[in-house]
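Enquirer: This is the structure I want to talk about, given as structure tokens.
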Amino acid sequence: MKIERIEVTAVRLPLKAVLTLPKGASRSLEEGKRVALVKMTADDGTVGWGESGPSRRWSAETLESTVSALRDYLAPCVIGHDPFDIAGLHQKMNQEIAPGLDPGQPIAKNAIDIAAHDLICRSMGINLQSWLGAKRLDRISLARLVSASTPDEAARITMQARAEGYRGFKVKVGHEPDHDAALVQAVVGAAGDGFVWADANQGYTLEQALRFCRRVEPLGITLFEQPVAMHDIHAMKRLITATPMTIALDEAAIGIPFVIELIRREAIEGMAIKINKTGGLFYARQMCDLALNAGIKLVGSGLMDAPIGFAASVHLFAAYGIDLPVDLNGPQFIAEDYLRQPLVFEGQTMAVPQGPGLGIEIDEDKVRAWRLPL
Ligand SMILES: [Mg+2]
């Protein structure tokens, strides 16, 4: 089998709300959720879909950069290649756009990777999770992202989310430790028996992070995501020894070489996995295997993924048995998408989509309707 054709379409999906991070809104309402869709067609007519979902205030890629990387470099270099040779596809992509500490424009490469996985699974008539070869779970639980400026607002969001069926709550912190601890306390108070953790998105200095830990440990918080700058190995190590909480690295767990360095330096004990940052399922699987073998706690995450990235992540997280609620918040923010049938949720849990490939069907009329002239 050979990859015969790759079409790249930029789309803008409308948002219900804007996600606010310590450094500001992740994007504007008008901007919407912008993704680059990849339709990959093999020489026997089998089609697979992938997507790049950049979040330009989280990492360095933009919609425009992913579209140009895909159209001008990545798609041309994999045309004619066997889609079953996923390792070879990445080798070719890495020859075109060099990896650094991360896999080198990983969000763009992610679209080719997912499309190839979808395509080969469809050609065999099997589900992606079956191809991943692990069925530790058949369903994952979604967390509600709580991004609030006051404790009252945090409590209100949490109570409403609980009424909607959420049992996991991730609190965005990284502003000021005492204020942030009050937000966490409000969420814990409203969350019932739900699981609550905090994510600072690199927002703290070491001193601020230590202060925050002291304030929230008595609240029973056991997980704290990316407290300090991604390159600050010294601070991550200090935090691990200073608090009984699991420090999970997200922005720092950017690629396998750096994760191995963090393991060597005993500076990692938890890791957030998101397929966009790893360059797709090929590297995400390797990072999950590394984590499982090294005793590192796995946390499921995303970049406000639209349905293709969302579905691929559900397959991966279920395969690797990620049993904490996962921060796949696309459905929380994205108002409309490009699916023929909507994703089905049950009390804010999602069963692994069944059927060939990703287990979802793309409505190309909707893709055309949301298309951006790029
Ligand atoms: Mg994070």
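Enquirer: Run down A229, A248, A242 and say which single residue is over 20 Å from D102 (Cβ atoms) and modelled with pLDDT of 95 or more.
Expert: Answer to the check: A242.
Enquirer: Moving on. In segment 186-213, what residues are out of contact with any Phe, Trp or Tyr (no Cβ under 6 Å at 6 or more places or on another chain), of a type outside the set (A, V, I, L, M, F, W, C) and away from the ligand (no atom under 14 Å from the Cβ)?
Expert: Residues satisfying the conditions are G189, G192, D193, T205, E207, Q208, R211.
Enquirer: While we're here: Kindly indicate whether any position in segment 100-108 is out of contact with any Gly (no Cβ under 9 Å at 6 or more places or on another chain), at negative phi and surrounded by fewer than 22 Cβ atoms within 10 Å (Cβ to Cβ).
Expert: Looking through segment 100-108, none of the residues is out of contact with any Gly (no Cβ under 9 Å at 6 or more places or on another chain), at negative phi and surrounded by fewer than 22 Cβ atoms within 10 Å (Cβ to Cβ).
Enquirer: Read through the list (1) free of Cβ contacts under 8 Å to residues at least 24 places away in the same chain; (2) more than 16 Å from the ligand (Cβ to nearest atom), then give the number of the only condition that I247 fails.
Expert: (2)
Enquirer: May I pose another question? What number of residues in segment 330-374 are closer than 19 Å to N276 by Cα and out of contact with any helix residue (DSSP H, G or I) (no Cβ under 7 Å at 6 or more places or on another chain)?
Expert: 4
Enquirer: Residue under question is D327, and the condition is that it be closer than 14 Å to A272 by Cα and either charged (D, E, K, R) or surrounded by fewer than 16 Cβ atoms within 10 Å (Cβ to Cβ) (or both); does it hold?
Expert: yes
Enquirer: Additional query: Within segment 242-277, which residues are in contact with a Gly (Cβ under 7 Å, 6 or more places away or on another chain) and assigned to a helix (DSSP H, G or I)?
Expert: I275, N276
Enquirer: Out of D44, D72, report the one residue that is assigned by TED's automatic domain parsing to the domain that holds L89, free of Cβ contacts under 8 Å to residues at least 40 places away in the same chain and more than 16 Å from the chain's Cα centre (by Cα).
Expert: After ruling out the rest, the residue left standing is D72.
Enquirer: Specify the residue that is nearest to D250 (Cα to Cα); the eligible residues are those in segment 262-299 that are among the β-branched types (V, I, T) and either away from the ligand (no atom under 16 Å from the Cβ) or over 14 Å from the mean Cα position of the chain (by Cα) (or both).
Expert: This residue is I268.
Enquirer: Checking L223 against (1) under 18 Å from Q185 (Cβ atoms); (2) within 13 Å of the ligand (Cβ to nearest atom); (3) crowded, with 22+ Cβ neighbours inside 10 Å: exactly one of these is not met. Which one?
Expert: (3)
Enquirer: I've got another one for you. Condition test on R167, is it of a type outside the set (V, I, T), touching a Ser or Thr at 6+ places or on another chain (Cβ under 9 Å) and under 28 Å from A319 (Cβ atoms)?
Expert: In short, yes.
Enquirer: Take G32 and tell me if it is in contact with a Gly (Cβ under 6 Å, 6 or more places away or on another chain), closer than 30 Å to S147 by Cα, surrounded by 15 or more Cβ atoms within 10 Å (Cβ to Cβ) and not charged (D, E, K, R).
Expert: no
Enquirer: Also, I was wondering about something else. Restricting attention to helices (runs of 4 or more DSSP H) lying wholly within segment 300-374, give those where 1 or more residues are within 16 Å of the ligand (Cβ to nearest atom) and in contact (Cβ under 8 Å) with a residue 12 or more places away in the chain.
Expert: 307-319, 330-333
Enquirer: Next question, about the same structure. Among all residue pairs at least 6 apart or on different chains, which show Cβ distances below 9 Å where the first residue, located in segment 269-294, is on the phi > 0 side of the Ramachandran plot and not assigned by TED's automatic domain parsing to the domain that holds D85 and the second is in a strand (DSSP E or B) and surrounded by 20 or more Cβ atoms within 10 Å (Cβ to Cβ)?
Expert: If the second residue must be in a strand (DSSP E or B) and surrounded by 20 or more Cβ atoms within 10 Å (Cβ to Cβ), the pairs left are G280/G50.
Enquirer: Here is a follow-up. Within segment 308-331, track down each residue that is more than 14 Å from the chain's Cα centre (by Cα) and of a type outside the set (G, A, S).
Expert: Within segment 308-331, Y320, D323, L324 qualify.
Enquirer: A further question on this structure: For a quick check of your reading of the model, give me the residue pairs whose first member lies in segment 199-211 and is in contact (Cβ under 8 Å) with a residue 60 or more places away in the chain, whose second is of a type outside the set (G, A, S) and away from the ligand (no atom under 16 Å from the Cβ), with beta-carbon atoms closer than 9 Å and at least 6 apart or on different chains.
Expert: Close Cβ pairs satisfying both conditions: A200/Q208.
The values are calculated or read from the model by the stated rules, or taken from the named source; none is laboratory data. This structure is a prediction, so every number in the text was calculated from the model and none was measured. Methodologically, a virtual Cβ is constructed for each residue, glycine included, from the backbone with ideal geometry; neighbour enumeration extends over all protein chains shown.
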